[in-house]
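Novice: Submitted below is the structure of interest, expressed as structure tokens.
Bear in mind that the values in this text are calculations on the coordinates, not laboratory data. Here the structure is a predicted model, which means the values were calculated and not measured. Quick reminder, even Gly has a Cβ in these numbers, built from the backbone with ideal geometry, and neighbours come from all protein chains shown.
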Amino acid sequence: MQLTMPEEIILLLLDDKTGRPIGLPAPAGDYAIATSILMQLSLNGSIDTDLEKLMVTSTKPSGDPVLDEALTMIATTPGQRDSRHWIVEIGRKTDRFRSQLLENLVAKGVLRKEEGRFLWVFPDRRYPKAAEGELDVMEVRARLRAVLLSNEIPEPHDSLMIGLARSTGIIPFILTAPEQEKFAKRVDQVADLEELGRTLSSVTREVYAMMLAFAGSH
């Protein structure tokens, strides 16, 4: 069973005990999901991006309804837009994407739906890693904590996840307050390892700041 980055972000955004969304400001959660979709499309070889434009490099379906719908959106839009544009556009559709991602996780056996809540199925919150088919990986939060509290070079997937968590304010749900202060440089080091992470995280922070400024003026 392989989880996509958007599915892992959904797990980070759910409270472990209640299965309800954590208290994150509205735009942050939407942009976290939107950006993780773009990151996964990039890791899949479907898109490439730079500071000025985002380009479709393959329209081959992945079989994942969320990723395929987002890729179709990008591929069928005339002209080339930048990452900022697609974070906003995909972010506007995150209610539908979020519902689909939750259903994906139920279908994969990671979550169960109970009384309107989505809860972890496994008591120790572990699920098998299918990418290389060798090891078990811890629940997303625990895995990212292990990366940040060590000196090992992370896999690109985890580096991108940590960069996204930093830019959308999810780090406090991964590290304790003392750990955040002690390992702040490590967070930045890991988050800045991947060029895609630097580009999209920068755009995400900018768009999020714009949204907060807009909300504060009304």
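Novice: Amide H to amide H under 5 Å from L14: which residues, 5+ apart in sequence or cross-chain, H placed 1.01 Å off N in plane?
Specialist: I22
Novice: Cβ neighbours within 10 Å, averaged per peptide: list 76-85, 105-114 in order, most packed at the top.
Specialist: Highest-to-lowest ranking by the protection proxy: 105-114, 76-85.
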